[in-house]
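One structure below.
Nothing in this text is a laboratory measurement; each read-out follows from the coordinates by a stated rule. Quick caveat: nothing in here was measured; it's all calculated off a predicted structure. No Cβ is skipped: glycine too gets one built from the backbone with ideal geometry, and neighbour counts run over all protein chains shown.
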Amino acid sequence: MTMQTDRIISTLADLYPDAVCSLEYGGDPWRLLVAARLSAQCTDERVNIVCGPLFERFPDAVSAAKCDIAELEEIVKPCGLFRMKAKNIRDASRMIVTDFGGKVPDTMEGLLSLPGVGRKIANLILGDVYGKGGIVADTHCIRICGRLGYYGTDKKDPVFTERTMEKVVPREEQSAFCHRIVLFGREFCSARSPRCAECPLKKYCAYGKSADVR
């Protein structure tokens, strides 16, 4: 880890010492998987609202695996893309029950075998639930790490971001780093109107120090 990366990590930790996943899942890996799948093109706030009745009706993978798909679709409908999301949740739950003994897998390979699970969800589960670290390369992470100068701001490839940042952020810091980056993106480093003049990371930031940013 470079000195600059160390300072970025420590500054983010000072700004957001209690940063955690904004999805409410009660420490249950299956519930985090479901909530993360529902969060695609949907706000975490709405997902948390929907997950209340969802987890009351289907509290675990066993119950979701046996669900009536029309009922599940109706519950998750407010999150958008509800047919695909409901199918993914049911089918992933069936695989968890039949192929993984009812336990959400704790490896990248196992997680990626589940319908609807990509690297972003897999890294979220590996880091937050299993303590194995992982860079969750969402839009905030991709944008901000590019602006900080770890790669060009024209790079929009989540796998490239993941591979780049996992080399410079210590594994034990990766989950917290990603949660803090999300909060930092919302408060300072938005896509359209970043608050560069008052940004606490400006002195470490290639974008913030560029001649055209004031």
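How long are the semi-axes of the equivalent ellipsoid of region 29-128, taking √(5λ) for every eigenvalue λ of the Cα gyration tensor, in whole Å from largest down?
19, 16, 11
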- [ ] Please find the FRET efficiency linking Ala197 to Asn48, where r is the Cβ-Cβ separation and R0 is fixed at 45 Å, and quote it to the nearest 0.05.
- [x] 0.85
Open item on the list: With angles folded into 0 to 90 degrees, how steeply does helix 3-15 sit against the dominant principal axis of the chain? Use alpha carbons for both and round to 10.
Closed with: 60 degrees
- [ ] For Lys202, go through the lysines and keep the ones whose alpha-carbon is under 26 Å away, minus same-chain ones fewer than eight residues off.
- [x] Lys155, Lys156, Lys167
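For n ≥ 4 DSSP H runs only, could you compute -39500 (n - 2.57) per run for the chain, divide by its residues and tell me the 222 nm figure to the nearest 500? Numbers along the way, then the final one.
Details: 11 runs with 121 residues, N = 214.
Using -39500 (n - 2.57) per qualifying helix, the result is -17000 deg cm²/dmol.
Treat region 55-110 as a sphere of radius equal to its Kirkwood radius over Cα pairs and apply Stokes-Einstein at 20 °C in a medium of 1.002 mPa s; give the translational diffusion coefficient in µm²/s, rounded to a whole number.
On the way: Rh = 11.6 Å.
The Stokes-Einstein estimate is 185 µm²/s.
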Task: Total charge dipole magnitude, the chain, about the Cα centre, Cβ charges on Lys, Arg, Asp, Glu only, Debye to nearest 20 - done: 740 debye
- [ ] Could you run the Debye sum over the Cα atoms of the chain, one equal point scatterer each and no solvent, and tell me log10 of I(q)/I(0) at q = 0.09 Å⁻¹, two decimals?
- [x] -0.38
Open item on the list: Using only the alpha-carbon atoms, what does region 1-83 span along each of its principal axes? Please give whole angstrom values in decreasing order.
Closed with: 54, 23, 19
TODO: Report, ordered by chain and residue number, the lysines lying within cross-link reach of Lys87, taken as a straight Cα distance under 16 Å and ignoring same-chain residues fewer than 8 apart.
DONE: Lys66, Lys77
Open item on the list: Quick check: from the Cα gyration tensor, does region 114-214 come out rounded (a/c under 1.5), prolate or oblate?
Closed with: prolate
TODO: Note the angle between two axes, namely the Cα long axis of helix 139-148 and the longest principal axis of the Cα atoms of the chain, as a number of degrees from 0 to 90, rounded to the nearest 10.
DONE: 20 degrees
Open item on the list: Given the options Gly101, Val129, Ile142, identify the residue whose Cα lies farthest towards the positive end of the charge dipole of region 90-177 (+1 on Cβ of Lys, Arg; -1 on Cβ of Asp, Glu).
Closed with: Ile142
- [ ] Treating only the Cβ atoms of Lys and Arg (+1) and Asp and Glu (-1) as charged, compute the dipole magnitude of region 29-128 about its Cα centre; round to the nearest 20 debye.
- [x] 200 debye
